[in-house]
2 protein chains.
Amino acid sequence: MAKDAKQEGLTKLELKMMQAVWRLGSCTVSDVQEQVEPPLAYTTVQTMLNILERKGKLRRRLQGKAYVYSAVMSEAKALGEAVRDLVDRMFGGSSEELVMSLVKSRQINRKRLAELSERLQRNEEER
Amino acid sequence: MAKDAKQEGLTKLELKMMQAVWRLGSCTVSDVQEQVEPPLAYTTVQTMLNILERKGKLRRRLQGKAYVYSAVMSEAKALGEAVRDLVDRMFGGSSEELVMSLVKSRQINRKRLAELSERLQRNEEER
DNA sequence: CATAATGTCCTAACACATTAGGAGTTGATG
DNA sequence: CATCAACTCCTAATGTGTTAGGACATTATG
């Protein structure tokens, strides 16, 4: 059980970095630097990627003269964890409450939700 | 338009404080201190509440010798904003993607979602 | 009245996020 | 070989979140 990296909780900039890496797949500091908005100094990007590696969110290996970074966790999984975190912290662990909040605050309307739900049901059947 | 308080983004402890205030309604520093877990020094709670007041999330008025704090925004509204924030930052603004992530990561199953959706539809009709 | 209790304000200390500069290494080039 | 470009590592400065102590004011109590 050698898991020292407590997941959960990317900061704003860390998230941007991760999103760049997810988009790019395996990539170097320069690759990320080109992607990231607003522009940041090379060394700033480097620092962030190294921090993320220390935290266990990225892995890296030397390829030629530069390190190549890649994500440890898939974007889908990270999204799932972020949602679970929100649900735990703000909705008392109830994902249904989250969905209801989405409706109540008009971020999704009932009809679209019903359609989406139906679509997902059909997906299940044809598996 | 005198709005200096940029909403969005409660930190972990700030959120706990807000949750205590939402639970309690109008309350004093001591009230919150009793609620909050793990225990914090009186002055720590006081500092946090004052910070939240400075940020425009709480208002306070002197009642007798102590200040009484209350939330500026309802919990429901704050939940809605928190969700919107997550959707914007992680799901490219698509709340449907969020719901799908909920299903994909098995935080809600298709059947429960369908039932919930149906229940919400009925709610709408009988309004 | 002296003092204890309760509360306010100010301030500090520590942690960590964000931003970036500078020194040093290494491979390519004139 | 001297130099340049690309890269790494180390370090620092600034900001803000979290935690709490201490000084001072006001009210209640022996």
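Bear in mind these aren't lab numbers, they're just calculated from the coordinates by the rules spelled out. Remember, predicted model here, so these are calculated numbers, not experimental data. Neighbour counts run over all protein chains shown; Cβ positions are idealised from the backbone, glycine included.
Observations
- Normalised alpha carbon radius of gyration of region B:3-127 [divisor 2.2 N^0.38 Å]: 1.33
- Placing R0 at 51 angstrom, the Cβ-Cβ distance between A:W22 and B:A66 gives a FRET efficiency of 0.55 after rounding to 0.05.
- Across all directions, the average projected area of the convex hull around the alpha carbons of the protein assembly as shown is 19.5 nm².
- Across B:L102, B:L113, B:L24, mean-square fluctuation computed from a Gaussian network of chain B (C-alpha pairs under 10 Å connected) peaks at B:L113.
- Residues of region A:49-85 with amide N under 18 Å of a point placed 7 Å along Cα→Cβ from B:K12: A:52, A:55-57, A:81-85
- The mean number of Cβ atoms from other chains found within 10 Å of a Cβ in peptide A:33-42 is 0, as a whole number.
- If R0 equals 35 Å, the separation of the Cβ atoms of A:R54 and A:E34 corresponds to a calculated FRET efficiency of about 0.90.
- Note on B:E118/A:R106: beta-carbon distance plugged into 1/(1 + (r/R0)^6) with R0 of 22 Å gives a FRET efficiency of 0.70.
- Highest-fluctuation residue, B:K57, B:K77, B:K111 considered, GNM on chain B with Cα pairs under 10 Å: B:K111
- Counted charge near B:E34, where neighbours are those whose Cβ lies closer than 14 Å (Asp, Glu -1; Lys, Arg +1): 0
- Cα-Cα over 23 Å, subset of B:K57/B:K77; A:K12/A:K65; A:K12/A:K104; A:K111/B:K12; A:K12/B:K55: A:K12/A:K65; A:K12/A:K104; A:K111/B:K12
- Gaussian network model of chain B, Cα within-10 Å springs - most flexible of B:G92, B:G56, B:G25: B:G92
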